[in-house]
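Take a look at the structure set out below.
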Amino acid sequence: MFCQNELYKIDQDSSSTWTLFKYDVNTTWQGVKYSFTKPLDWKGKDFAKLGGLIIGTATLSLADEEGKRFFDRQQEDFPSLIRDFGWYFGSPQNYFMANAGIYGFGLLTKNEKVRRTSVLIITSSITSGFIQTIAKNGFGRARPGTGLGPYYFKPFSKEAGHHAFPSGHTILSVTMAHAIAKQLNNTWAKIGVYTIGAIPPISRLVDGAHWLTDVAFSAALSIIVVDSVDKFLFKNESHGISNPKLNKRITWNMSFGANKIGVIGTF
């Protein structure tokens, strides 16, 4: 391994608020460090997934112009309240204020699950946000409103009109929605959270600020990062919480008899 990413243990119930805060800061730092060093340990299947994401994005770009025409037709009838919510919720300052509220509640009530969720959100946001910033400036993709088309790129441009790919609003909203939804067991609650998380990406498409591939790639990136960080936290039993799925795994065994052969699953 290139780097050790292990979290120290504390008593989550009896520790002081300051001790819990320091633990969460360290956990966030370790999670970010893990995210950026993980590619050094990638195997063939990991590179295959990356290739699939790139190929899928390139293929979807064939529908960018038609997608723009479709969302342009929705502008007149799309509720302005939802469009405003999408813009405000996906804006960095409002996004981090919302997460600060979530974390503050978890810290004051010493709720380790809420704190862990907030750490998952901020760690994933830092990781995906850094990638987004590098890509946005590096690609310099023209926004739909410039009239230059989906295949016009001006690398390292400082013009806002050439910062289409990827979508920052999408990355932040999907990161938070996916991180929260992963903590829920109720299907309808998950649907509700994902629906709210989908508002900023859709509103940005309706506003003509992004191409379809900007949003699709950003959503995929957010999900990949959140899942990766979540796996890291579970592996190290962050906040004293282990993966509940590990306790629900099915063990498969072969069964042989005089006239039969079968597979038995033990729950």
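Couple of notes before you dig in:
To keep it simple, each residue is scored yes or no on (1) among the polar types (S, T, N, Q); (2) open to solvent by less than 20 Å² (accessible area, probe 1.4 Å); (3) over 14 Å from His169 (Cβ atoms).
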{"position": "Ile199", "(1), (2), (3)": "no, no, no"}
{"position": "Ser203", "(1), (2), (3)": "yes, yes, no"}
{"position": "Gly208", "(1), (2), (3)": "no, yes, no"}
{"position": "Trp211", "(1), (2), (3)": "no, yes, no"}
{"position": "Asp230", "(1), (2), (3)": "no, yes, yes"}
{"position": "Lys235", "(1), (2), (3)": "no, no, yes"}
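- Among the residues of the range 28-40, those identified as touching a Phe, Trp or Tyr at 6+ places or on another chain (Cβ under 7 Å) and surrounded by fewer than 16 Cβ atoms within 10 Å (Cβ to Cβ) are Thr37, Leu40.
- Only one entry in Gly138, Gly90, Gly149, Gly145 is crowded, with 18+ Cβ neighbours inside 10 Å, within 29 Å of Gly208 (Cβ to Cβ) and either modelled with pLDDT under 95 or not aromatic (Phe, Trp, Tyr) (or both), namely Gly90.
- The conditions of being at pLDDT below 75, in contact with a Ser or Thr (Cβ under 8 Å, 6 or more places away or on another chain) and not in a loop (DSSP other than H, G, I, E, B) are not met by Ile199.
- Listed by position, the helices (runs of 4 or more DSSP H) enclosed by the range 1-80 that each have at least 1 residues that are β-branched (Val, Ile, Thr) are 17-37, 44-60.
- Selection from the range 5-17 of residues that are at pLDDT 90 or above and either of a type in the set (D, E, K, R) or under 20 Å from Gly31 (Cα atoms) (or both): none
The values are calculated or read from the model by the stated rules, or taken from the named source; none is laboratory data. None of the values given here were measured: they were computed from a predicted structure. Using ideal geometry, Cβ is built from the backbone for each residue, glycine included, and neighbour counts are taken over all protein chains shown. Each accessible area value is taken on the protein alone, full model and side chains, heavy atoms only, with ligands, DNA and RNA left out. Shrake-Rupley method; radii C 1.70, N 1.55, O 1.52, S 1.80 Å.
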